[in-house]
Amino acid sequence: MSTTTDTPVAPPPAPSESTSTGRVGDKVFSGLSRGAGILLLVIMAAIAVFLTVRAINAISENEGNFFTTFEWNANATPPSFGIAVLVFGTIVSSVIAMVIAVPVAVGIALFITHYAPRKLSGPIAYVIDLLAAVPSIVYGLWGALFLVPHLTGFYSWLNDYFGWTGFLEYQGGAPRSLMTVGILLAVMILPIITNVSREVFAQAPKMQEEAALALGATRWEVIRMAVIPFGRSGVISASMLGLGRALGETMAVATVLSPSAVLSAKILDPGGGTFAQNIASAFKEAGSFGRDALIASGLVLFVITLIVNGAARLIIARRKEYSGANA
């Protein structure tokens, strides 16, 4: 009969100085991160309160309907101003920019990450990065001096073949229109969407790509079944970043667009306006009340931006399980 003896269990080692220091560092970092988040919320709330207070002051004395009036005569007596033309111009120009920029940006990102040789992908990515650093006013000057004069023929062609649609009808004149603004904004947001999409596509799981190739899939089938589903949420995020710049772009739009108070669905004809362009153009000559009116329009743009970003977060959250990030 054998007997067993209980061996004493050694007590756990006391926490070393490095462990204690690490825990203190984690607490400090956690506190700083939480404080930064709270500070951001406070700043956003302060901006919202400032815009709301100044907007109420202007809207309460407005003789016209703020949401349906076409003209902007905040300096008149009595003042009459509205955002109908500005809402239409901002949304239409931004949608045109997104329709043009997103497919091109995704195609460039896929080419850089999955098609181009290394010697070619590096220079292309570098040029795209340089485009993102070009100031807005430079894009505006390029648009006014080069893009506008060279779009007349293209607009005439659109009128000949698609003028029956109504909104692509072109009556002639300098093409300082919402369509021109949309094309210019597409060039401006293209580097942002391309860079973010490129980084997302580069993180696609290589094992999934190699498995698809081993099963006989073509390069396009690999991209369609493995790369694009993985990077879908990232492309949506990149598109929302580009849309945010398109909604708030000021100097480039003010340089290219010929503003007017006419609300027209013909996007090739001169005229229209955007929130940022109107604020930049009218702020210098505006009095105290006129500035409050411009701040009221800025509040609407602020709300539109929040709605767009909130919708993007909802889309990303709903499609998260299909993104491939957890694969």
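The values are calculated or read from the model by the stated rules, or taken from the named source; none is laboratory data. Here the structure is a predicted model, which means the values were calculated and not measured. Glycine gets a Cβ as well: all are built from the backbone with ideal geometry, and neighbour counts include every protein chain shown.
Does any residue of the range 92-107 turn out to be surrounded by 18 or more Cβ atoms within 10 Å (Cβ to Cβ) and either more than 30 Å from residue 227 (Cβ to Cβ) or modelled with pLDDT under 90 (or both)? Step through it out loud before you land on a result.
We begin by selecting, within the range 92-107, every residue surrounded by 18 or more Cβ atoms within 10 Å (Cβ to Cβ); these are 92-94, 96-98, 101-102, 105-106.
With either more than 30 Å from residue 227 (Cβ to Cβ) or modelled with pLDDT under 90 (or both) added as a condition, the list becomes 92-93.
Checking the range 92-107: at least one residue is surrounded by 18 or more Cβ atoms within 10 Å (Cβ to Cβ) and either more than 30 Å from residue 227 (Cβ to Cβ) or modelled with pLDDT under 90 (or both).
Taking the criterion of being more than 22 Å from the chain's Cα centre (by Cα) and either modelled with pLDDT of 85 or more or not hydroxyl-bearing (Ser, Thr, Tyr) (or both), would at least one residue in the range 315-322 satisfy it?
Of the range 315-322, the ones more than 22 Å from the chain's Cα centre (by Cα) are 321-322.
This time we only want the ones that are either modelled with pLDDT of 85 or more or not hydroxyl-bearing (Ser, Thr, Tyr) (or both), so: 321.
Yes, some residue in the range 315-322 is more than 22 Å from the chain's Cα centre (by Cα) and either modelled with pLDDT of 85 or more or not hydroxyl-bearing (Ser, Thr, Tyr) (or both).
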Inset, instruction - Among what's in the range 68-92 and is in contact with a strand residue (DSSP E or B) (Cβ under 9 Å, 6 or more places away or on another chain) and part of a helix (DSSP H, G or I), pick the residue that is farthest from residue 244 (Cα to Cα). - result: 85
Legend entry - Matching residues, the range 52-67, being assigned to a helix (DSSP H, G or I) and either free of Cβ contacts under 8 Å to residues at least 40 places away in the same chain or closer than 10 Å to residue 293 by Cα (or both): 53, 54, 55, 56, 57, 58, 59
Legend entry - Pairs, first in contact (Cβ under 8 Å) with a residue 24 or more places away in the chain and among the acidic types (Asp, Glu) in the range 253-275, second outside any loop (DSSP other than H, G, I, E, B) and surrounded by 22 or more Cβ atoms within 10 Å (Cβ to Cβ), C-beta under 6 Å, six or more apart: 269/177
Inset, instruction - Considering (1) surrounded by fewer than 22 Cβ atoms within 10 Å (Cβ to Cβ); (2) within 29 Å of the chain's Cα centre (by Cα); (3) closer than 30 Å to residue 226 by Cα, say which one residue 209 fails and leave the rest. - result: (2)
Inset, instruction - Give 43, 47 a once-over and let me know the one that is outside any loop (DSSP other than H, G, I, E, B), touching a helix residue (DSSP H, G or I) at 6+ places or on another chain (Cβ under 9 Å) and either among the aliphatic types (A, V, I, L, M) or at pLDDT 85 or above (or both). - result: 47
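Does the range 274-292 include one or more residues that are outside any helix (DSSP H, G or I), among the basic types (Lys, Arg) and out of contact with any Lys or Arg (no Cβ under 9 Å at 6 or more places or on another chain)?
Filtering the range 274-292 for residues outside any helix (DSSP H, G or I) gives 274, 283-287.
Within this subset, residues satisfying the condition of being among the basic types (Lys, Arg) are 284.
From what's left, out of contact with any Lys or Arg (no Cβ under 9 Å at 6 or more places or on another chain): 284.
Taking every residue of the range 274-292 in turn, at least one turns out to be outside any helix (DSSP H, G or I), among the basic types (Lys, Arg) and out of contact with any Lys or Arg (no Cβ under 9 Å at 6 or more places or on another chain).
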Inset, instruction - Looking at (1) under 21 Å from the mean Cα position of the chain (by Cα); (2) buried (at least 21 other Cβ atoms within 10 Å of the Cβ); (3) of a type outside the set (Phe, Trp, Tyr); (4) assigned to a helix (DSSP H, G or I), find the lone condition where residue 296 falls short. - result: (1)
Inset, instruction - Among residues belonging to the range 125-140 that are surrounded by 15 or more Cβ atoms within 10 Å (Cβ to Cβ) and under 16 Å from residue 277 (Cα atoms), point out the one that is nearest to the chain's Cα centre (by Cα). - result: 136
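Somewhere in the range 224-247, is a residue over 22 Å from residue 315 (Cα atoms), surrounded by fewer than 19 Cβ atoms within 10 Å (Cβ to Cβ) and at pLDDT 85 or above? Let's see the steps before the verdict.
First, pick out the residues of the range 224-247 that are over 22 Å from residue 315 (Cα atoms): none.
Scanning the range 224-247 turns up no residue that is over 22 Å from residue 315 (Cα atoms), surrounded by fewer than 19 Cβ atoms within 10 Å (Cβ to Cβ) and at pLDDT 85 or above.
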